[in-house]
Each structure stands twice: as structure tokens, then as C-alpha cells.
1. So which GluC sites (Glu not before Pro) in segment 35-92 are both in a DSSP loop and have at most 12 other Cβ atoms within 10 Å of their Cβ?
2. Rounded to the nearest 0.05, what FRET efficiency do residue 227 and residue 202 give with R0 = 25 Å and r taken as the Cβ-Cβ distance? Could you check?
3. Based on the alpha-carbon gyration tensor of segment 138-225 and its eigenvalue square roots a ≥ b ≥ c, which shape applies: rounded if a/c is under 1.5, prolate if not and a/b is larger than b/c, or oblate?
4. Over segment 24-90, what per residue volume does the convex hull of the Cα atoms give, in whole Å³?
5. If you take the Cα atoms of segment 84-232, find Rg, then find the Kirkwood Rh from the mean of 1/r over all pairs, what is Rg/Rh?
6. Which value at 222 nm does the chain reach when only helices count, each DSSP H run of 4 or more adding -39,500 (n - 2.57), with the total divided by all residues and rounded to the nearest 500 deg cm²/dmol?
7. What is the magnitude of the charge dipole of segment 10-296 about its Cα centre, with +1 placed on the Cβ of each Lys and Arg, -1 on the Cβ of each Asp and Glu, and no other charges, expressed in debye to the nearest 20?
8. Quick one: what Rg and Dmax do you get for segment 249-302 from the alpha carbons, in Å?
Amino acid sequence: MPHHVGDMRLDTVFEQRRPVFSFEFFPPHDDAATRALFDSIAQLRELEPTFVSVTYGAGGSTRTRTIELVTRIRRELDIEPVAHFTCVGATVEQLRVHLDAMRDVGIENILALRGDPPRGEDQFAATPGGLSHGCELIKLIHDGYDACVGGACYPEKHLESRDVDDDLRYTRMKEECGASFLITQLFFDNAAYFDFVARARSSGVTVPVIPGIMPITNVAQITRFTSRIGATIPPALMDALSSRQDDPDAVLQLGVAWSTLQCSELLAAGAPGVHFYTLNRSPATRAILSALLAARPWDRAR
Ligand SMILES: Cc1cc2nc3c(=O)[nH]c(=O)nc-3n(C[C@H](O)[C@H](O)[C@H](O)COP(=O)(O)OP(=O)(O)OC[C@H]3O[C@@H](n4cnc5c(N)ncnc54)[C@H](O)[C@@H]3O)c2cc1C
């Protein structure tokens, strides 16, 4: 059944519906890229995602474009959008101005993050009068706005966390501050997700933990990306990728097949859904989700 906007706080959706599929996009830089993005979204729309999310550019560089894109997706495509939002480069007062603007255009779901540092800087530095941690932004939204708020979590721990226990403590704090769902950083070995969820549950986290999956489409890009965020590529997958790196089609096919196996196992084990990092392209995600919808691995979940 298609979803219609207007009655779609994600906390309610997660209570009523399993599995939940979603796609993440970033705001394009120019008109041609915007047209290409809308083509991608239109193709993926046929797969009836529960929601799509739109990132907030590093350093707050997409401040107005994120809201504009979210508003267009909601109005023109009738898909529930989730707006990402970060603490970067803004005082609490400025964060509130932006949150008021989101409220005024009817955005009901926000993914609240600390944010990555602006391009060219490698350390996050809180703005004077601003916020330092994801949980503080979650609390600001939860306490002051009538929106459903989610946060990020890291199966292989956040790069800056001292250890797994510290990381888990701050993950739990996100729920205590008002997060009603968590989306994971990308990972390629499901054991990382299963172990993380087991640890999170035993430390008191109760909200849905949605696995975030990125289909590999380019070897150089994924190598760069994983090392930047502190995620690992299992050696056997890396070997298979390396031996194909001069053959883009073979890399894409392997990436799609790997993600499909990953998602199938996650859903058969009861994961609440899958959030796809699409990089604004449709073919890989479309192939994976089409196979999942036909095979329905969640029917095997207990
Ligand atoms: C699903 C998803 C979507 C994302 N979307 C975006 C986006 O749109 N735009 C963007 O710029 N970035 C985005 N990111 C990246 C994110 O901003 C970075 O991973 C960032 O480095 C951490 O964000 P966070 O909210 O998890 O931070 P935090 O929860 O603040 O964690 C950052 C570090 O601080 C530590 N920490 C947390 N709380 C405390 C505390 N109270 N005291 C001391 N230490 C603490 C944590 O252990 C961790 O090491 C996304 C990440 C994910 C997983």
C-alpha cells in the first residue's frame, strides 16, 4: 500500500510496520543534478519506500537546500521525507531558527546529528553558543518541537569514541534525550550489526536500530569513505573488489550481490528494515530492494 504524507511520524510507523525501507539522498549542487536526482527518486518510488531522507551538507553547507528538497519530495512525490540536521556552525538560537522553519513547512521527522566538520577541517569544533554532541540536538528538538527525532549509531563504534563501552553509553544517551529510532553507519559484515544490537539491548536501548546499507559501486570511493569513517571492509570482500577494480560493471554487480546477501540475512534475523545510502543513484538500490520484495526474507524472521 502506498504511503501518504501527513500522518507519518516515524515513531508511529515503526510501531505498526515491519520491514521499513528508506533511501538517503544528498542535496544536488546544480539544476542538472537536481533533475537527475528526481529521476532516481521517481524510479525508486515504485518500490514504495516508507520514507526518504535528505542529508544536511558537511559544515551546514546545504542549509536551505535540504529544506527545499525535503519540501519538494513531500509535495511533488508524496513520499514522507526525513530531514537530517546537524549542530555544525550554528548557535542554539540559529539552530532554533532553522527548526522553526522546518516546523513551518510541516517537516515531522528529523535525523539529528552532531555533524562532520566543514571541508578542509578534520576536527569537529563546537560553535560558541552552539552544541557539541548529537544527543544535545536530539534533546533540543524533542523538548521544543512536535517532531519525531532519530539519531545515528555506529556498529564498529564512532571513530572518535575511546572504546566500545563509551560509544554505547552515548548511544543510549540518544534514546534518553528523546530519539525514537537510530540509523546505523554503513557496515559490510553483519556480525558487526548483530553484536552491536545485542550490546545495545543489554545496555537498555529499546528503540529500533535500522541498518544503514551502502551498495558498493566504486572501489576507490568506498576505500576512501570507509577509512574516513572508521568502518571496515571484510578482507574476502576487499580481495574480490580489488581483483575487479578495472572493471566497473563487475564491481557494481559484486556490490549489488553483496548488499543483497547482507540485507536478506539482516531481515531474516528480524532487523526492522533497511536504510539505503543511495548516493543519489537508483540502479543498485533498485535491484537489491526488488529482489528482497520478491523473496521476502522477513517472513522467515521469528
Ligand atoms: C545515518 C547517518 C546519517 C548522517 N547524516 C549526516 C548529515 O546529513 N550531515 C552530516 O554532516 N553528517 C551526517 N552523518 C555523519 C555524522 O555527522 C558523523 O558521524 C559525526 O561525526 C557524528 O555524529 P553523531 O550525531 O553520531 O555524534 P555524537 O553522538 O555527538 O558522537 C560523536 C562523538 O562524540 C562522542 N560523544 C557523544 N556524546 C558525548 C558526550 N555527551 N560527551 C562526550 N562525548 C560524547 C561519541 O562517542 C562520538 O565519538 C550521518 C551519520 C549517520 C550514521
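1. Values: sites: 46, 68, 76; in loops: 46.
Here the sparse-neighbourhood loop sites are 46.
2. Values: r = 30 Å, r/R0 = 1.21.
Rounded to the nearest 0.05, the efficiency is 0.25.
3. On the way: a/c = 2.03, a/b = 1.51, b/c = 1.34.
It is prolate, given that a/c is not under 1.5 and a/b is the larger ratio.
4. On the way: hull volume 5.0 nm³, N = 67.
Normalising the Cα hull of segment 24-90 by residue number yields 75 Å³.
5. On the way: Rg = 15.7 Å, Rh = 16.2 Å.
Taking Rh as the inverse mean 1/r over Cα pairs, Rg/Rh reads 0.97.
6. On the way: 11 runs with 140 residues, N = 302.
-14500 deg cm²/dmol, from helical runs alone.
7. Details: 27 positive and 37 negative charges, 33 e Å.
Result for segment 10-296 is approximately 160 debye, rounded to the nearest 20.
8. 11.2, 37
Every number here is computed from the coordinates shown, using simple stated rules; none is lab data. This one's a predicted model, so the numbers in the text were calculated from it and none came from an experiment. Cβ: placed from backbone, ideal geometry, glycine included. Neighbour counts: every protein chain shown.
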